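To start, the structure itself, in structure tokens.
The values are calculated or read from the model by the stated rules, or taken from the named source; none is laboratory data. As the structure is a computational prediction, the values presented were derived from the model and not from experiment. Here the Cβ positions follow ideal geometry from the backbone for every residue, glycine too, while neighbour counts run over all protein chains shown.
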């Protein structure tokens, strides 16, 4: 199907020609964003029309960035980014979440590539000396209709193709006219229809013929929507603004004016050319927005991954644009994509070569011909590569080929800004530092990096930089296998990290993935006021976080830990007085012990990296441990979900006490406070009671008889006994082996209690026994077998089983024997 097959009546074509007025002094040229054919036709039309004024459908506030847009040292793709407070311009291609602690802020991106018709028009204007004006609004709705705020932003999430509040695909795709054309053309959706009609089918048309065909299609589509729909989403409101802007330009006598705007707009604006002189001047739009030019990427330009109004496969269309002077640019683009697909697939182990590319290109030509399409399109390239490159089952051997094809179509180009874009000092520092450290990747998939901190100073500098970017929320770097900056994982109920193993903080090897996205530059723009360098901005935000944590030792210690990770020694030392005051003022033992544990891990990491000893760190850690130990009575009152945090805190307290390294508390203080706390924990939480018993055992002050008694006394809830055992084994894994009374109490519970009670306690018992290693479990199971009177052969069978299952199996066997004997008339003596 070609443009000639649209079948628009002569009357419609005449009406469209009148509205466009391509041979008059006020002409309208219809465009679609990111269309190489449209850009080529406009490029050919501009010198023939020779406009004095070019009006472009871009928000008027963007005019201040015109010089930066046309910097010859810049390389597309790049985007104009508008950042507004509280409200979102509804032409956004993608809106990203900002930290909840900051004021509501939205980002809107208007991307450009070399084949963007708007950029083609702007570049021609610069070369010819034509005047340029932007004629659209930043906000598509009247001010009184945009006060709903953040809760009324679903439509803002939908990217604008024609910036109508919905993308062009939404308008064109929903029309009955498009549905009928898809059936006639054998197209699966609007995007394939557009490519077949206006990209492949329109390449050999004249600029005027192409514009008339697109205008006819847009007019037929627009007529399928009512005025209410167009008014509701702001289309008519915006068009009234644009019409007033056009009237201002058209009032200049002797000037040839060209309007470059979305096809759905120009067919409406062109019909009002006779009444433009009656319009009032366009009102000044009072929108508080910061507009900057930022680099963009091909992956984000791809309609499938980021920019919904765009066309999928930007690298393919870039190849078309670059070969536009050749006889068949689509064939050249197809060849380059197929060869790149083979290169990528071969790198992953596929056995493909030039012969496969030749076969696939011939296949694509024949397929396009069969479909009545004069050029090879993206759809034909995909089907040719799938048919010729996949050797076997598509879901198995085809995965690498499909992935390689997607990358080849999409490309990984990242834009670069020239000096006129005027990056902030912070943006400049980020790029210079990232490039100096070899960390600035292309716009392709995330790149993995491994850093050996103990052996390389450069690796340490890289680590500091990556931690700083992560703390600032740039979206540039992600640490693999890490929670927060101190090696913590999930967040607690109040946002504090739950205590877990400090695997990442203790490690001297870090693994990261880095990837560039436009949000990096947008976030750097937001942070421009925080400092002139990434280090300065990170330090300022860290100091702010510490101020917000005033009085909470754990929160300020977390800032110290982050500061060490980011190489901000100076700011960490400046936080020492605030942390000292918080340790004295904080009455929450969990916060105090958390702070102590963080500081101890920070000291251990510094030692691994060969950094000098910090006396202030030791003093603060010791003060936090002692304050936490004195608060064990309050800690013993912890119950519910918070109780699960206690064993890890007490484990670290016991380790610090035994280490005797100058940071831990006095053993006598911990023993005295732990014994007193046990009496409180008896009435609150068996888990905490078990952890306190485990602490005393680990310090050499526990008594075996007490452990068995405490286990037996754990009643009330089915999981109480398991909870006690879990807390105990967390701090003293050998308690079941070293204290016979405890193992006997466990065997008695599971063998003589009710079956229902056993089932109810089983989950907590299993959770407790996961604290043990394989050898400990095997030894405990063996002892349990002996206590139950099992023979050697039976013991070998059950020894791999957990002790609670051994006990239960033995009890079931005894009851079965008793039942069998009762049925037979005599009770045999069980084997003991």
Selection within segment 331-375 - within 20 Å of residue 205 (Cβ to Cβ), at pLDDT below 95 and under 37 Å from the mean Cα position of the chain (by Cα)
none
I'm checking my understanding of the structure. Among residues of segment 696-711 that are part of a helix (DSSP H, G or I) and at pLDDT below 75, which one is nearest to residue 647 (Cα to Cα)?
704
State whether the residues of segment 175-189 include one that is within 39 Å of the chain's Cα centre (by Cα) and assigned by TED's automatic domain parsing to the domain that holds residue 124.
no
Those residues of segment 16-45 which are in a helix (DSSP H, G or I) and either farther than 26 Å from residue 109 by Cβ or more than 45 Å from the chain's Cα centre (by Cα) (or both) amount to 16, 17, 18, 19, 20, 44, 45
Assigned to a loop (DSSP other than H, G, I, E, B), buried (at least 24 other Cβ atoms within 10 Å of the Cβ) and modelled with pLDDT under 90: is that true of residue 90 in this structure?
yes
Can you name the number of the only condition in (1) crowded, with 23+ Cβ neighbours inside 10 Å; (2) modelled with pLDDT under 90 that residue 308 fails?
(1)
Restricting segment 323-334 to residues that are in contact (Cβ under 8 Å) with a residue 24 or more places away in the chain and surrounded by fewer than 20 Cβ atoms within 10 Å (Cβ to Cβ), the one nearest to residue 402 (Cα to Cα) turns out to be 331
Residues to consider are 375, 391; find the one that is part of a loop (DSSP other than H, G, I, E, B) and over 23 Å from residue 185 (Cβ atoms).
391
Look at residue 190 and say whether it is at pLDDT below 90 and within 29 Å of residue 46 (Cα to Cα).
yes
Segment 350-405, residues that are over 13 Å from residue 337 (Cβ atoms), touching a residue at least 60 places away in the same chain (Cβ under 8 Å) and buried (at least 22 other Cβ atoms within 10 Å of the Cβ):
368, 373, 375
Does segment 652-662 contain at least one residue that is assigned to a helix (DSSP H, G or I), out of contact with any helix residue (DSSP H, G or I) (no Cβ under 9 Å at 6 or more places or on another chain), free of Cβ contacts under 8 Å to residues at least 24 places away in the same chain and surrounded by fewer than 24 Cβ atoms within 10 Å (Cβ to Cβ)?
no
How do the helices (runs of 4 or more DSSP H) wholly within segment 723-814 filter down when requiring 2 or more residues that are modelled with pLDDT of 70 or more and over 49 Å from the mean Cα position of the chain (by Cα): which remain?
740-752, 774-787
Residue pairs qualifying under the 7 Å Cβ cut-off, at least six apart or on distinct chains, with the first in segment 11-27 being within 26 Å of residue 52 (Cα to Cα) and the second being in a loop (DSSP other than H, G, I, E, B), are 25/256; 27/21
I'm trying to understand the selection: among the residues of segment 203-223, which are under 39 Å from the mean Cα position of the chain (by Cα) and farther than 20 Å from residue 49 by Cα?
217, 218, 221, 222
When residues of segment 691-712 are filtered for being within 24 Å of residue 626 (Cβ to Cβ) and in contact (Cβ under 8 Å) with a residue 12 or more places away in the chain, how many remain?
11
Considering only segment 586-611, how many residues are out of contact with any helix residue (DSSP H, G or I) (no Cβ under 8 Å at 6 or more places or on another chain) and assigned to a helix (DSSP H, G or I)?
1
